[in-house]
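This report refers to the structure that appears directly beneath it.
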């Protein structure tokens, strides 16, 4: 059974998420975040024969699996998701997001190089992350081995400059609300933040 967690990649890398982008078809998929267009929502889906075991009309049968969702089914959130899906379907959406992602990642790399940081930029499409290591990052363990103290110092320095990042790391996700000027504003603040770090 192949399960994809598309909470981050769903509707960001492509309308069909990482599965469309990389050409892999999972048996089950979990979605969230972008799906709600800013509203909290969660969803899972899968192949019909796999989803058969969660059909509510089968409750009480030996092979029934009960499911529940904290973030699924709220009428306002599902209306927001429906509207967001309509926006994601518009022509040029993913071309724009990917072009902006390339622009942003190139800018991040330039700032890191200018400040001679032992770091690299990871990501694809509108997703980016800074890893404070020169070693190849191919797994969660590789990322955990990066200089997390430097990552935290940058996060705090950016916070002092009006940029709030998730305290879990330097994950940077672009949306349709961003443009090159918002990327440039972030890059200027990041450059200033790194210049102030010792």
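Since every read-out is calculated from the coordinates, none of them should be taken as a lab result. These figures come from a predicted structure and were not determined experimentally.
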Taking Cα pairs closer than 8 Å and at least 6 residues apart, the relative contact order of segment 3-88 in percent is 26
Taking the chain and counting helices only, DSSP H stretches of n ≥ 4 at -39,500 (n - 2.57) each over all residues, the nearest-500 ellipticity at 222 nm comes to -12500 deg cm²/dmol
Difference of contour (0.36 nm per residue) and Cα-Cα distance, residue 176 to residue 8: 59.0 nm
Per residue, the convex hull volume that the Cα atoms of segment 54-149 enclose (Å³): 202
Please list the radius of gyration and Dmax for the chain, considering alpha-carbon atoms only, with Å as the unit. 19.5, 63
Give the angle, between 0 and 90 degrees and rounded to the nearest 10, that separates the Cα long axis of helix 75-88 from the longest principal axis of the Cα atoms of the chain. 60
Quick one: helix 148-160 against the long Cα principal axis of the chain, what's the angle to the nearest 10°, folded into 0 to 90? 80
Shape call for segment 93-196, from the Cα gyration tensor axes a ≥ b ≥ c (a/c under 1.5 means rounded, otherwise prolate when a/b beats b/c, else oblate), comes out oblate
Remind me, relative contact order of the chain in percent, using alpha carbon pairs under 8 angstrom and six or more residues apart? 15
Taking only the alpha-carbon atoms of segment 3-88, what semi-axes of the equivalent ellipsoid follow from 5 times the gyration tensor eigenvalues under a square root, in whole Å, largest first? 24, 18, 9
Tell me the angle of helix 180-196 to the major Cα principal axis of the chain, expressed in degrees between 0 and 90 and rounded to the nearest ten. 50
